[in-house]
1. About the Cα centre of the chain, how large is the charge dipole given +1 on each Lys and Arg Cβ and -1 on each Asp and Glu Cβ? Please answer in debye to the nearest 20.
2. Calculate, for the chain, the solvent-accessible area per residue in square angstrom, rolling a 1.4 angstrom probe over the heavy atoms of the protein chains.
3. Take region 57-120, drop everything but the C-alpha atoms, weight them equally and run the Debye formula without solvent; then report log10 I(q)/I(0) at 0.13, 0.25, 0.29 Å⁻¹ to two decimals.
4. Return a whole-number percent for the relative contact order of the chain, with Cα pairs under 8 Å and 6 or more residues apart as the contact set.
5. Give the distance, in whole Å, between the Cα centre of region 50-68 and the Cα centre of region 200-279.
6. For region 187-234, what % of the accessible area comes from carbon and sulfur atoms, probe 1.4 Å?
7. Give the lysines whose C-alpha is closer than 23 Å to that of residue 185, dropping any in the same chain fewer than 8 places away, or say none.
8. Assuming a viscosity of 1.306 mPa s and a temperature of 10 °C, what translational diffusion coefficient in µm² per second does Stokes-Einstein assign to region 29-86, Rh being the Kirkwood radius over Cα pairs?
Amino acid sequence: MNPRPGLIAAAMVFALYGGIAVSIDVPQTTFGIHSDEATYYLLGHSIAEDGDLEYRREDLLRAFKEYPGGPSGVFLKKGQTIGGQPDPDPNRLYYGKAFVYPLFAAPFIKIFGTNGFLLLNALLKPAVVLAAYAFLNARSPAAVSLVFSLAFVFATVVPAYAFWIAPELFNFALGTLAYFCWLYKEVAPAGRAKWLRDWRSDVAAGAILGLLMFSKITNALLVLPIVLWLLWKRRWKAALLTSAAFWIVALAFFGTNVASSGDWNYQGGQINGETTRNTFYPRPHGQPGYPFEQPGAGFEVGQEKARNDGLAEVIFDPQVFLTNLR
């Protein structure tokens with residue numbers, strides 16, 4: 001094994017993307033807010049600047065400074081008590097997306113502002129390159145490992161997400177690093193990093209996948225091959241500890257969501273038959289498009305947008321499921 005080419009490649013990737021990340025004017029260069037970016041943008045700044053997960057007027061005013069058109073498409077939800085009753089304070093609103101990606105970005109946001117999101121992305125990309133290279137180089141020559149590890153990232157759509165304030169690249173990196181922790185020992189059974197060759201790496205993989213499950217719940221399926229493999233190998237302790245790490249991390253994050261908004265489902269929301277998750281866009285003619293934008297403007301200025309079911313009929317639609325799976 002020759003780690004030097006992988007380290008050099010990872011350093012060059014970080015130098016390129018990290019340099020861009022801290023030097024550009026994000027709103028101008030990326031042409032405003034796209035897709036779900038609005039919620040993650042507000043969440044990241046709320047955690048970094050205010051230390052909470054609550055939507056306030058200050059969050060909105062902060063967004064208007066960088067994005068005069070407003071955080072178009074932000075998802076917000078009403079709070080509730082642990083028992084499922086309406087929040088006694090109707091003016092208290094929360095963000096309707098997973099907070100794990102903004103949480104990891106918050107230290108960088110604190111120092112670099114909105115560019116901190118892109119700096120986190122710039123760190124994740126070389127981490128994936130390095131993990132892929134190390135895995136391949138355990139069995140392949142350095143040149144082959146370098147080509148395929150770079151192709152794993154750059155011969156795909158992944159580079160485009162480096163400049164999105166969204167968790168796609170974050171989720172991709174977590175999945176890669178978790179499976180690296182699990183499988184590296186299978187291709188490199190001997191070496192200096194002993195923790196990568198015993199049960200500790202399996203537990204690390206489980207913990208990382210716990211984060212990934214909270215970020216997008218369908219990723220919970222990724223832990224099944226690890227646990228089933230460990231059971232098949234009769235590594236009972238590793239299987240138990242990996243499962244425990246997965247559930248402890250996932251439940252800790254979902255528990256934090258419950259403690260904050262009163263609801264474990266950040267994408268749903270229903271109290272007494274009323275939908276409590278809305279999406280918000282700017283409105284014409286001076287009308288308020290966001291809660292607290294003007295006196296008297298509240299949750300009702302948005303459009304209902306709650307996801308309270310699993311959408312199995314969409315995911316397993318026979319016209320598209322097998323095509324997508326293939």
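The values are calculated or read from the model by the stated rules, or taken from the named source; none is laboratory data. The structure displayed is predicted, hence computed values, not measured ones. Because the Cβ atoms are built from the backbone with ideal geometry, glycine has one as well, and the counts that use them run over all protein chains shown. Each accessible area value is taken on the protein alone, full model and side chains, heavy atoms only, with ligands, DNA and RNA left out. Shrake-Rupley method; radii C 1.70, N 1.55, O 1.52, S 1.80 Å.
1. Here the size comes out at about 1560 debye.
2. 50
3. -0.49, -1.17, -1.24
4. 20
5. 29
6. 69
7. Correct list for residue 185: 125, 194, 233, 237.
8. Rounded to a whole number, D works out at 128 µm²/s.
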